[in-house]
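Trainee: Let me begin by handing over the structure; questions about it come next.
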Amino acid sequence: MNILVLNAGSSSLKYQLISMPSQQVKCVGLVERIGMDDAIFTHEKGKQEHNEVCPIPDHTVALKKVEAALMHADYGVVKNVDEIDAVGHRVVHGGSRFTKTVMVTEDVKENIKELFALAPLHNPANLTGIEVAESVFKNAKQAVIFDTAFHQTMPQEAYQYAIPNKYLSEDEIRAYGFHGTSHKYVSEKAIEYLGEKSKNIITIHLGNGCSISAIKDGKCVEHSMGLGPSNGLVMGTRAGDIDQSVIFHLQKKFGKTAEEVNHILQKESGMKGLTGHSDLRDIGNLAAEGNKDCINALNLAAHRIKKYIGSYTAILNGLDAIVFTAGIGENSSLMRELSCKDMDWLGIQLDNEINNTRAKGIREIQKADGKVKVLIIPTNEEIEIAKQTFDLLQES
């Protein structure tokens, strides 16, 4: 079965065509700068790569480019679109209603639309991707995988805010959690790898967006993000956890509007606000040269991670393993080192030599006598989306 995985952003579209159940990736691609005259289209089939700069005014044109590339005589992978059996869509916010993957219906699309206000940067683009895919791949089954679904096993004491009850019961204002596809994928890989020694796991997703989850017996019981994907760890441009008094102070003292404060916290904060840079590679290089702002930012980000590891270990009542994943988690030995520093009391003892050695696949980077396993597990959200889509179709 050929499953096309789509991840539609506000100005981008990522895709992979995956053969299931073998999980063979037939091609990958990316459309960037949608809405611009100099949009960038990249399509890869094995070692073949096609790059193109061209006007792509909207997502419909972007998906038409994807369709043409999939069937291209030189670098295509199918002869016609009917060879694509299903399309799996990533949708960031599913609210409390969706706890698993579902087929696309008008009712499902309406629910995605109702959640626009909670994920304004993501859900509108996600819905556009679904609607365009329905018109382009007319005979394919369409499935939706929600980032929030994996976290719906959190108990009420984890997801409810200490504000008047009516805001939960009437308005569903609560913590939902995000990056669920990634946390689900790597936690399952960790359980498969560790076997019986996998009761209590903390998964740490570090990219431009960052989040951390507590996993007990394969189920999420705590997560750092909440109503929207903005709180918790320090991120590329997002502040993460912040005292709400700061918001009111910015409004009152500096005359900022709610929209302006939101922009500051979402787009001008995090590592960018602390250093002027959002890319950790630049920050790491500058820190190595002695840049005090960059050194401070790295320490601040690691401090926040350590706070969460400690509190989640208490929630789990023990810790068997921590997992680093995503772009920074998988590739930054420095961030892993800082996050595990002085955690001996918890049984976390990093082997710096192994940590600084690059390798592929799942690997352990703790000392031989470390009580807690420290793992690097590459995430693969596209494979997870394809897997969940395949499983849903097998059930129906």
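Trainee: Peptides 208-216, 15-23: what's the order by average Cβ count within 10 Å, highest mean first?
Mentor: Working: 208-216: 24.7, 15-23: 18.8.
Order by mean packing, descending: 208-216, 15-23.
Trainee: Then there is this: Between region 107-159 and region 233-301, what's the alpha-carbon centroid distance in Å?
Mentor: Taking the Cα centre of each part, region 107-159 and region 233-301 sit 29 Å apart.
Trainee: Starting with the fewest neighbours, write out T203, T128 ranked by other beta-carbon atoms found within 10 Å of each beta-carbon. Mind dumping the intermediate values first?
Mentor: Numbers: T203 31, T128 19.
So the ranking, lowest neighbour count to highest, is T128, T203.
Trainee: Antiparallel versus total DSSP beta bridges in the chain: what percent is that, nearest 5?
Mentor: On the way: 44 of 63 bridges.
Of the beta bridges lying entirely in the chain, close to 70 percent run antiparallel.
Trainee: If you take every residue apart from V234 with its C-beta less than 13 Å away from the C-beta of V234, what net charge results, scoring Lys and Arg +1 and Asp and Glu -1? Don't skip to the end; give the middle numbers.
Mentor: Details: positive: R238, K272, R304, K306, K307; negative: D241.
Neighbour charge sum, excluding V234 itself: +4.
Trainee: Taking the Cβ-Cβ separation of E172 and E353 as r and a Förster radius of 51 Å, what is the calculated FRET efficiency to the nearest 0.05?
Mentor: Values: r = 49 Å, r/R0 = 0.95.
The calculated FRET efficiency here is 0.55.
Trainee: Report the label-to-label distance for K292 and V53 in nanometres (one decimal), using points 7 Å from each Cα along the Cα→Cβ vector.
Mentor: Distance between the two pseudo-spin positions: 4.1 nm.
Trainee: With label points built 7 Å along Cα→Cβ from the Cα atoms of K219 and E83, find their separation and express it in nm.
Mentor: The modelled label-to-label distance comes out at 4.3 nm.
Trainee: Quick check on my link table: of K219/K360; K306/K360; K64/K360; K64/K184; K184/K373; K14/K109, which ones sit more than 24 Å apart, alpha carbon to alpha carbon?
Mentor: On the way: K219/K360 27 Å; K306/K360 26 Å; K64/K360 35 Å; K64/K184 31 Å; K184/K373 18 Å; K14/K109 20 Å.
Violating the 24 Å limit, Cα to Cα: K219/K360; K306/K360; K64/K360; K64/K184.
Trainee: Sticking with this one: Pick out which of V66, V261, V102 has the largest mean-square fluctuation in a Gaussian network model of the chain, springs linking Cα atoms closer than 10 Å.
Mentor: Highest fluctuation of the listed residues: V261.
Trainee: If you add up the charges near K109, with Lys and Arg at +1 and Asp and Glu at -1, over every other residue whose beta carbon is less than 14 angstrom from its beta carbon, what do you get? Please list the in-between numbers first.
Mentor: Values: positive: R97, K113; negative: E106, D107, E110, E114, E131, E134.
Value of the local net charge: -4.
Trainee: Let me ask another. Before rounding to the nearest 500, sum -39500 (n - 2.57) across all DSSP H runs of length at least 4 in the chain and divide by the residue total; then give [θ] at 222 nm in deg cm²/dmol.
Mentor: Values: 15 runs with 152 residues, N = 396.
Dividing the helical sum by the residues of the chain leaves -11500 deg cm²/dmol.
Trainee: Taking 0.36 nm per residue of separation and subtracting the Cα-Cα distance, what length does fully extending A162 through E337 add?
Mentor: 59.5 nm
No value in this document is a laboratory result; all are computed from the given coordinates. Just so it is clear, the model here is predicted, and its values are computed rather than measured. When we count neighbours, we look across all protein chains shown, and the Cβ atoms used for this are built from the backbone with ideal geometry, even at glycine.
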